[in-house]
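Worksheet: the structure to be examined is printed underneath.
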Amino acid sequence: MLQWIMNICGKGAKRKTEGVTEYIKKQCEELILTDEKTKLFMSRLLDEINRGLKKETHADADIKCFVTYVQDLPNGKETGKFLALDLGGTNFRVLLIHLKGENEFEMLSKIYAIPKTIMVGTGKQLFDHIAECLANFMKEHNVYSERLPLGFTFSFPLTQLGLTKGILARWTKGFDCDGVVGVDVVQLLKDAIARRGDVKILVLGILNDATGTLMSCAHRNHNCQIGVIVGTGSNACYVEKVENAELFDVPNNKKPHVLINTEWGAFGDNGALDFVRTEFDREMDEYSINPGKQLQEKMISGMYLGELARLVIQKFTKSGHLFGGQGSELLYKRWKFFTKYVSEIESDNAGSFNNCREVMEELGLGHATDQDCANVRYICECVSRRAAHLVSAGISALINKMGEPVVTVGVDGSVYRFHPKFHDLMMEKMKQYVTPGISFDLMLSEDGSGRGAALVAAVASRENH
């Protein structure tokens, strides 16, 4: 049986480079992480995480390791009705979750738009709009007169000072509301609810999407102690011993653990990743909206993988090694080679280029030969494989640091969810780097950030009784 699997894997590895020109293979070598580079990456990441955890070095650390103040994970026995508010972009979601114990639940949700005028208006307008939508949602679902606990997922850079206190560091994603940066967003939400005076909502926790993913998966699998996002952006949170989290400052704390939001997307901003960054990474960063920032995220996440692949393809086209040297207007346009193209191209069966040809047509490259398609697919594979291996190395470093015998990792995000090989690439690499004897698995989060927020509220209200 083992020999059969090895034969299949061997054929797969051979087939991957079938038809790829030697020149392309040689030039793409810098996108392949060697064992030596992976180990150095893990070592530097761990050093930076430890720097983020310590009071003395936190301010200078790339990986900030913010304390979330979430100390208890769901045990599956939580009961009651809970609201969740999930704000992370131009839409937000309101959820009503009825937990029935023994991991059973019912969930209703609705998506609300945030008009552009409100996104760049005042903080008061934004939170009044959210409070109005919350009240309308409660009317629709006949819980208008009930007093309900709420968990608040807020996926913007946040400094947490407690489970229900989060200061906005800066707006991203097109928001620029006055009077919110440097202010506690939980208080702004409470004030907006109080101004209405018609609904009774108790805000019991604020969190980000990585924490929501961990909480959501822990509700179904009690070994889940790490939450990872590999989507438009990338982040991870994990369970840490309170004694290692020097910025945790709850008096008379009796609990041994606290969730840490690493914000690992910023790893490398101090130059620690220069040994794996390529000319393509540097050019893409230069033309991004935040040059020099979030450098690890730019090697991993869906906002950037397509552009990385485009820059490689563009270079080889201009040098005459792809498409007979004939590019197209769209190929040469920044940010127009989407990450979904990478997933589609890699979804083709061996020997078939149907998806690849469709993408090439869309980009005005209908003259692509089979040889071109094989080369383009190989370039996409190199970019996405490197991303998967970097995520795997980061998770492996966290698992090894925690030292627990069994760990489940909750994962969410469009890249992990939709790329045809990302999960398998991660598992393969983690088997190589997780300390022998530790058992681990990856679990796709179902509706992580929304359900996770309700679970934070559920656990908080469980603790308060």
Query - Residue, least open to solvent (accessible area, probe 1.4 Å), within segment 78-103, restricted to residues that are farther than 19 Å from LEU158 by Cα and out of contact with any strand residue (DSSP E or B) (no Cβ under 9 Å at 6 or more places or on another chain) - result: ASN103
Query raised in the report: In segment 243-263, how many residues are closer than 18 Å to VAL459 by Cβ and open to solvent by less than 30 Å² (accessible area, probe 1.4 Å)?
Result: 5
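Would you confirm whether or not segment 391-399 contains a residue that is closer than 23 Å to ALA309 by Cα, open to solvent by less than 20 Å² (accessible area, probe 1.4 Å), of a type in the set (Val, Ile, Thr) and modelled with pLDDT of 95 or more?
yes
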Report summary line: For segment 104-145 the number of residues that are open to solvent by 50 Å² or more (accessible area, probe 1.4 Å) and over 30 Å from ASN221 (Cβ atoms) is 15
**Report entry** Cβ-Cβ under 8 Å pairs, at least 6 apart or on other chains, segment 428-442 side in a loop (DSSP other than H, G, I, E, B), far side modelled with pLDDT of 95 or more and of a type in the set (A, V, I, L, M)
**Finding:** VAL434/ILE399; THR435/ILE399; ILE438/ILE399; ILE438/VAL406; ILE438/VAL407
Report task. For segment 224-239, name all the residues that are modelled with pLDDT of 95 or more and open to solvent by 10 Å² or more (accessible area, probe 1.4 Å). Result -> GLN225, VAL239
Query raised in the report: Does segment 148-158 include one or more residues that are at pLDDT below 90, under 22 Å from LEU204 (Cβ atoms) and among the hydroxyl-bearing types (Ser, Thr, Tyr)?
Result: yes
Query raised in the report: Inside segment 422-451, can you point out the residues that are in contact with a Ser or Thr (Cβ under 6 Å, 6 or more places away or on another chain) and either open to solvent by 70 Å² or more (accessible area, probe 1.4 Å) or modelled with pLDDT of 90 or more (or both)?
Result: MET426, LYS429, MET430, TYR433, VAL434, ASP441, MET443, SER445
Query - In segment 146-155, residue surrounded by the fewest Cβ atoms within 10 Å (Cβ to Cβ) [restricted to those that are in contact with a Ser or Thr (Cβ under 9 Å, 6 or more places away or on another chain) and under 19 Å from ALA169 (Cα atoms)] - result: SER155
Query raised in the report: For segment 195-202, does any single residue satisfy the condition of being in contact with a helix residue (DSSP H, G or I) (Cβ under 9 Å, 6 or more places away or on another chain), open to solvent by less than 10 Å² (accessible area, probe 1.4 Å) and not charged (D, E, K, R)?
Result: no
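Give the number of residues within segment 169-203 that are part of a strand (DSSP E or B) and under 23 Å from ASN91 (Cβ atoms).
3
The values are calculated or read from the model by the stated rules, or taken from the named source; none is laboratory data. Model, not experiment: these values are computed from the prediction. Please note: Cβ atoms are built from the backbone with ideal geometry, for glycine as well, and neighbour counts cover all protein chains shown. Accessible surface areas use protein heavy atoms only, side chains included; no ligands, DNA or RNA. Shrake-Rupley method; radii C 1.70, N 1.55, O 1.52, S 1.80 Å.
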